[in-house]
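K.L.:
Shown below is the structure under consideration.
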Amino acid sequence: MSAIVNDQVINGKANLDVFSSTLQELAQSDRNILAVTSDSRGSGKLVPFGQKFPEQIIEIGIAEQNLVGVSAGLASAGKKVFAVSPACFLTARALEQIKNDVAYSDNPVKLIGISAGVSYGALGSTHHSLHDYAVLRAINNLIVVAPADNFETEQAIKLAAKLDKPIYIRFGKKPMPLLTNDESVAFEFGKGRVIAEGTDIALIATGETVYPALQAASILRDIHNINATVISMHTIKPLDVNLLKQVADTTRAIITVEEHSVYGGLGEACASFLLQKGHKKPFKILGIPDEYTVTGSQADILGHYNISEQGIAKTALELLNSK
Amino acid sequence: MNERELAIKSNIYRQRILKYIVGANAGHTGGSLSCIDILNVLYNYVLNVDPKNFGSPDRDRYIQSKGHCVEALFVVLADKGFFPESDLNTLCKYKSHYIGHPTRKVHGVEQNTGALGHGLPISVGTALAAKLDKKKFKVYTLLGDGELPEGSNWEAALTAAHYKLDNLCAIIDKNSLQITGSTADVCNTEPIDEKFESFGWAVQHVNGHSIKELKQAFGMLPLVKGKPNLIIAHTVKGNGVSFMENQVKWHHGVPDKVQYADAIKELESALSILR
Ligand SMILES: [Mg+2]
């Protein structure tokens with residue numbers, strides 16, 4: 001492991017934009033690639049896709065159960081289906097279709113949850129997906145992924161196109177800086193990426209919370225002389241337990257970070273594994289608590305719950321001092 | 001196979017359905033008996049499916065939305081050579097793939113069903129794939145009348161018409177009963193034909209126990225070019241065993257020894273007339 005804390009911000013696009021451009025690139029050479037949408041081509045940034053590949057976009061209308069059921073049928077007949085819908089609706093309204101028609105029937109649909117977590121900010125809880133990791137983790141035969149940056153998004157979409165298994169990929173819509181330009185830190189489903197290394201504390205984050213974790217690592221190092229390992233645990237399931245064990249052995253404390261309920265997500269997945277392995281070091285789950293979510297923009301909400309550069313750094317200091 | 005031969009098959013299928021339900025001490029007796037003539041005509045007259053080449057991308061698809069009537073499907077698949085009929089002795093037993101709803105672990109099953117309101121959307125997707133690829137195969141799905149209140153059916157009905165899926169045929173096993181009682185009392189879905197017609201479907205009524213009418217209806221597809229097809233098959237729950245007919249308690253009632261013997265006796269006497 002040789003990655004270092006990345007001080008240079010490399011500006012990126014929204015992962016959603018990268019999803020869209022990657023899908024266009026794939027569709028160019030593979031006419032079996034289909035985008036299936038529920039009146040979501042605009043929010044999914046798929047308007048250019050639809051213009052370029054009118055035969056490869058299927059509009060369902062606002063009917064998420066049908067979106068997933070139809071996608072399962074298309075996939076069973078050999079289509080490489082990206083079913084695109086806001087994560088909040090896709091994984092709640094259509095949960096039974098995901099469970100039965102996709103996962104249980106083993107139809108290799110690529111479920112794309114857009115504007116995930118609290119991306120929709122002030123639109124409120126109807127539009128937030130803070131449950132998706134929890135419910136989907138409990139469904140057999142489904143890979144659950146939250147790419148952190150543009151690189152991970154592009155890789156995830158390209159790998160998903162080749163994958164003959166059901167998968168859920170979620171991301172938000174804000175611009176995401178690159179975590180690292182070290183190309184040796186490869187992307188593979190089920191293998192966490194080590195973005196920075198340190199022995200004091202591990203920050204294990206997923207999706208778009210990896211970047212604030214990385215920024216927090218800079219604060220901890222520069223101001224407090226605390227060295228943090230930062231992991232992009234982009235695959236929530238199957239969890240990279242080998243990496244988790246290694247990190248647990250080589251650091252003094254662990255914080256998990258996710259734009260999701262503290263119940264049933266990355267944090268509890270890590271806690272479950274570590275407790276059963278006899279891990280006894282300080283451990284903290286940063287996520288959205290079980291309450292009516294505070295109102296405000298995405299940044300307001302994440303800041304309120306310490307899912308931010310400052311909040312993660314503060315939590316790390318508290319955890320290390322609590323021993 | 002002519003109509004008499006198919007009628008003989010239906011009778012034998014009914015006897016086997018009862019045999020394996022008794023063996024498993026579980027099953028959906030009434031609905032399996034109401035849909036068996038439909039399955040018989042599909043698998044022995046309509047569908048282009050072959051156990052030796054089931055993976056063919058050009059095969060017709062049959063997706064059983066009313067998954068609980070799996071005994072009817074298993075008996076027919078066994079008869080078609082998808083697996084040895086003796087496998088059905090394991091029905092609902094520990095570690096058997098032959099469980100109370102269709103799963104793809106069983107050769108010949110297209111989709112895992114059981115939760116209601118799922119067959120039609122999946123069938124719409126499969127039929128849409130055929131249209132996109134300009135393939136000739138057709139997609140058939142069997143719904144119970146009791147599952148029509150599931151909203152996903154109506155979502156899928158819209159999509160089927162929107163994409164002009166005349167290669168799709170939904171069949172409703174309209175036995176007018178469901179677990180609680182009469183479908184009219186539980187949630188009235190009539191007029192089913194006008195509803196589907198207003199959604200852009202072509203609709204045909206048949207007697208779901210008439211081999212002749214079923215053959216004719218399937219032979220007419222597409223009923224109207226550019227429209228998805230609905231065949232409303234008027235059936236009798238428990239059909240073929242007089243004491244089970246139109247009795248809601250036989251929805252998932254399992255016959256005891258005496259009832260089983262009586263049922264087989266009645267079916268055997270009907271069979272001797274057919275022969
Ligand atoms: Mg019924």
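K.L.:
Hey, got the average number of other protein chain Cβ atoms within 10 angstrom for residues in B:112-118?
P.N.:
What the average comes to for B:112-118 is 5.
K.L.:
Can you tell me how the range A:193-321 classifies by the Cα gyration tensor, rounded, prolate or oblate, using a/c under 1.5 as the rounded cut?
P.N.:
Here the range A:193-321 falls in the oblate category.
K.L.:
How much length is gained if the chain between B:Asp193 and B:Asn207 is pulled fully straight, taking 0.36 nm per residue apart and subtracting their Cα-Cα distance, in nm to one decimal? If you can, show how the numbers build up before the last one.
P.N.:
Working: separation 14, 0.36 × 14 = 5.04 nm, distance 1.46 nm.
Gain on stretching B:Asp193 to B:Asn207: 3.6 nm.
K.L.:
Which value in nm describes the separation of the simple spin-label points at B:Asn48 and B:Lys257, placed 7 Å from the Cα toward the beta carbon?
P.N.:
Between B:Asn48 and B:Lys257, the simple spin-label model gives 5.1 nm.
K.L.:
Any chance you could run the full-extension gain for A:Val241 through A:Asn140? It's 0.36 nm times the residue separation minus the Cα-Cα distance, nm to one decimal. Mind dumping the intermediate values first?
P.N.:
On the way: separation 101, 0.36 × 101 = 36.36 nm, distance 1.77 nm.
Between A:Val241 and A:Asn140, full extension yields 34.6 nm more.
K.L.:
By the scheme Lys and Arg +1, Asp and Glu -1, what is the net charge of all other residues having a beta-carbon under 15 Å from that of B:Phe218?
P.N.:
On the way: positive: B:Arg61, B:Lys138, B:Lys212, B:Lys215; negative: B:Glu3, B:Asp37, B:Asp60, B:Asp166, B:Asp173, B:Glu213.
Charge balance in the 15 Å sphere: -2.
K.L.:
Scattering from the C-alpha atoms of the range B:3-274 alone, worked out with Debye: what is log10 I(q)/I(0) at q = 0.08, 0.13, 0.16 1/Å?
P.N.:
The Debye formula, applied to the Cα set alone, gives -0.29, -0.80, -1.25.
K.L.:
Per residue of A:72-84, how many C-beta atoms from partner chains lie within 10 Å of its own C-beta, taken as a mean?
P.N.:
For this peptide, the per-residue mean of nearby foreign Cβ atoms is 6.
K.L.:
Further question on the same structure: Determine the distance separating the Cα centre of the range A:280-319 from the Cα centre of the range A:18-68; give it in Å without decimals.
P.N.:
Taking the Cα centre of each part, the range A:280-319 and the range A:18-68 sit 34 Å apart.
K.L.:
Now for a separate question. How far apart, in nanometres, would the label points at A:Ser184 and B:Arg275 be if each is projected 7 angstrom from Cα along the Cα-to-Cβ direction?
P.N.:
7.9 nm
K.L.:
Could you compute the net charge surrounding A:Val144? Neighbours are other residues with a C-beta less than 10 Å from the C-beta of A:Val144; K and R count +1, D and E count -1.
P.N.:
Spelling it out: positives minus negatives among the neighbours equals +2.
K.L.:
Counting only other chains, what is the mean number of Cβ atoms within 10 angstrom of the Cβ of each residue in peptide A:58-65?
P.N.:
Counting Cβ atoms of other protein chains within 10 Å of each residue's Cβ and averaging gives 5.
K.L.:
With no solvent and one point per C-alpha, what does the Debye sum give as log10 I(q)/I(0) for chain A at q = 0.12, 0.13 Å⁻¹?
P.N.:
-0.75, -0.88
K.L.:
Lys and Arg at +1, Asp and Glu at -1: add these up for the other residues within a Cβ distance under 11 Å of B:Ile231 and post the number. Kindly include the intermediate steps, with their values, before the conclusion.
P.N.:
Numbers: positive: B:Lys174; negative: B:Asp173, B:Asp193, B:Glu213.
Summing Lys and Arg as +1 and Asp and Glu as -1 gives -2.
K.L.:
Show me the GluC sites (Glu not before Pro) within the range A:221-323 that DSSP assigns to loop and that have at most 10 other Cβ atoms within 10 Å of their Cβ.
P.N.:
Passing both the DSSP loop test and the Cβ count: A:Glu291.
K.L.:
Still on this structure, I have one more. I'd like the FRET efficiency for A:Tyr292 and A:Glu96, computed as 1/(1 + (r/R0)^6) with the beta carbon distance as r and R0 of 25 Å, rounded to 0.05. Spell out each step's value before the answer.
P.N.:
Numbers: r = 26 Å, r/R0 = 1.05.
The value I calculate is 0.45.
K.L.:
May I pose another question? Per DSSP H run of n ≥ 4, the term is -39500 (n - 2.57); total these for chain B, divide by its residue number, and report the mean residue ellipticity at 222 nm rounded to 500 deg cm²/dmol.
P.N.:
-12500 deg cm²/dmol
K.L.:
Check each of the chymotrypsin sites (Phe, Trp or Tyr not before Pro) in the range B:64-103 and keep only those in coil by DSSP with at most 13 other C-beta atoms within 10 angstrom; list them in order.
P.N.:
Qualifying residues, ordered by number: B:Tyr94.
K.L.:
Largest first and to the nearest Å, give the Cα extent of the range A:156-224 along each principal axis.
P.N.:
Computed over the range A:156-224, the largest-to-smallest principal extents equal 47, 25, 20 Å.
K.L.:
Please say if the range B:1-113 is rounded, prolate or oblate, where rounded means a/c under 1.5 for a ≥ b ≥ c the square roots of the C-alpha gyration tensor eigenvalues, and otherwise the choice is prolate for a/b larger than b/c and oblate otherwise?
P.N.:
In terms of gyration-tensor shape, oblate.
K.L.:
Could you give the dipole magnitude of chain A about its Cα centre, charging the beta-carbon of Lys and Arg +1 and that of Asp and Glu -1, in debye to the nearest 20?
P.N.:
Values: 29 positive and 33 negative charges, 90 e Å.
Result for chain A is approximately 440 debye, rounded to the nearest 20.
K.L.:
Now for a different question. Where the centroid of each part is defined by its Cα atoms, how far is the range B:203-229 from the range A:197-227 in Å?
P.N.:
66 Å
K.L.:
Compute the semi-axes of the equivalent ellipsoid of the protein assembly as shown, taking the square root of 5 times each eigenvalue of the Cα gyration tensor, and list them largest first in whole Å.
P.N.:
Each semi-axis is √(5λ); the values are 53, 25, 20 Å.
K.L.:
Taking just the alpha-carbon atoms of the range A:16-113, what radius of gyration and Dmax come out, in angstrom?
P.N.:
12.2, 34
K.L.:
Check each of the trypsin sites (Lys or Arg not before Pro) in the range B:51-91 and keep only those in coil by DSSP with at most 11 other C-beta atoms within 10 angstrom; list them in order.
P.N.:
none
K.L.:
To continue, here is another question. Need one word for the range A:2-170: rounded, prolate or oblate. Basis is the Cα gyration tensor (sqrt eigenvalues a ≥ b ≥ c); a/c below 1.5 gives rounded, then a/b vs b/c decides.
P.N.:
Judged from the Cα gyration tensor, the range A:2-170 comes out rounded (a/c under 1.5).
K.L.:
If we sort A:202-210, B:163-171 on the protection proxy, mean other Cβ atoms within 10 Å, highest first, what's the order?
P.N.:
A:202-210, B:163-171
K.L.:
Now for a separate question. At what distance in angstrom do the alpha carbon centres of the range B:58-124 and the range B:232-275 lie from each other?
P.N.:
If we compute the Cα centre of each part, the gap is 22 Å.
Readers should treat all values here as calculations from the given coordinates under stated rules, not as data from a laboratory. In this text the structure is predicted, and so the values were computed from the model without any measurement. Backbone-built Cβ (ideal geometry, glycine too); neighbour counts: all protein chains shown.
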